[in-house]
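Everything below concerns the one structure shown next.
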Amino acid sequence: MAHIIVFGNEKGGSGKSTTCMHVATALSRMGYRVGAVDLDIRQRSFGRYLENREAYRKKSRQSLTSPVMMELPEIDETTLSPGENANDHRLSAAVAKLEEDSDFICIDCPGSHTRLSQVAHSLADTLVTPLNDSFVDFDLLAKTDADTGKVLGPSVYSEMVWNARQLRAQAGLRPLDWIVLRNRLGTQFMHNKKKVGDALEDLSKRIGFRVVPGFSERVIFRELFPRGLTLLDLRDIGVANLNLSNIAARQEVRDLLKAMDLPGVKITI
């Protein structure tokens, strides 16, 4: 069966789709068969990213490896069993189809709570939650005391992940590996940065996730989207002399893949 990687966060603007695109494309570049599903039906950032990549590939005649995108199939609701949810059926059908030819399936969830997102979390073998490095985003994971900073309890998103873990256990599936990605880290040491880091490390022990560094704030990510490119494609398209920022960003992608520790993956990028 394909290993399913879900990118989830109920708060927008965390770099979720960018992270999903870089991981999916990196796995594809390393020779793995990668399926892709975008559950953000309204914004479709991940889907648009892949469409831009295909358009650029055709226009430039570059040989760019890509994940295979699967749209959620339309279904005849009269064929559903009593009590069966139509969206559950659509997602299950898409995943089942992709599993026939995929080593990995990357699913990008919307930045809000939806039924589709909830079901996707229960399917995840690996869950990646990108998080901007601030207490505004930390609130997605836990409620804290405003005066002491003490963690008071899990948030609704953490409770959803807990429920997904319970469903997987009941179904006899492998335990979910939850990774919280500290995205858009500043390059300078700041007191707030340390406080967020300490709070995440403390919370990780309480509710069971791994904290890994993600991507720093860089303009290059916004510049690559219109052409559907990732940092790993730059030399392929003729950018021979990468600047220090580009080199550092490429290393962040490699470090993320290593930290994810996906089964059977040997990092060759």
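The values are calculated or read from the model by the stated rules, or taken from the named source; none is laboratory data. The shown structure was predicted, so the numbers you read here are calculated from the model rather than taken from an experiment. Heads up, the Cβs are rebuilt from the backbone with ideal geometry, glycines too, and the neighbour counts pull from every protein chain shown.
What to note about this one:
- Selected residue (only one of R29, R61, R44 is in contact (Cβ under 8 Å) with a residue 40 or more places away in the chain and not β-branched (V, I, T)): R29
- For segment 252-269, a residue qualifies if it is hydroxyl-bearing (S, T, Y) and surrounded by 19 or more Cβ atoms within 10 Å (Cβ to Cβ), but none of them does.
- Entry remark, segment 25-49: residues being within 23 Å of T114 (Cα to Cα), of a type outside the set (K, R) and in a helix (DSSP H, G or I) number 4 in total.
- Cβ-Cβ distances below 8 Å connect the following pairs, each with a first residue in segment 223-250 that is without any contact (Cβ under 8 Å) to a residue 60 or more places away in the chain, a second residue that is part of a helix (DSSP H, G or I) and basic (K, R), and a separation of six or more residues or different chains: L234/R250; L242/R250.
- In the condition set (1) touching a residue at least 40 places away in the same chain (Cβ under 8 Å); (2) not in a helix (DSSP H, G or I); (3) not charged (D, E, K, R), L152 is compliant with all but (1).
- Odd one out for N87, checked against (1) within 16 Å of the chain's Cα centre (by Cα); (2) within 30 Å of D139 (Cβ to Cβ): (1)
- Residue pairs meeting the criteria (Cβ under 8 Å; at least 6 apart or on separate chains; first at negative phi and assigned to a loop (DSSP other than H, G, I, E, B), in segment 253-264; second surrounded by 19 or more Cβ atoms within 10 Å (Cβ to Cβ) and modelled with pLDDT of 90 or more): L262/H3; L262/I5; L262/L27; L262/F104; L262/T126; P263/H3
- Put simply, of L50, L64 the only residue that is of a type in the set (A, V, I, L, M) and touching an Asp or Glu at 6+ places or on another chain (Cβ under 7 Å) is L64.
- Sole exception among (1) more than 29 Å from F138 (Cβ to Cβ); (2) surrounded by fewer than 19 Cβ atoms within 10 Å (Cβ to Cβ) for K193, by number: (1)
- Output for segment 225-247, where each listed residue is of a type in the set (A, V, I, L, M) and farther than 11 Å from H22 by Cα: L234, I237, V239, A240, L242, L244, I247
- Hey, P82 within 21 Å of F7 (Cβ to Cβ) and free of Cβ contacts under 8 Å to residues at least 60 places away in the same chain or not: no
- Residue ID - surrounded by the fewest Cβ atoms within 10 Å (Cβ to Cβ), chosen from residues in segment 65-79 that are under 20 Å from the mean Cα position of the chain (by Cα) and either farther than 22 Å from R42 by Cβ or in contact (Cβ under 8 Å) with a residue 60 or more places away in the chain (or both): V68
- Residues of segment 89-128 that are modelled with pLDDT of 95 or more and among the hydroxyl-bearing types (S, T, Y): S102, T126.
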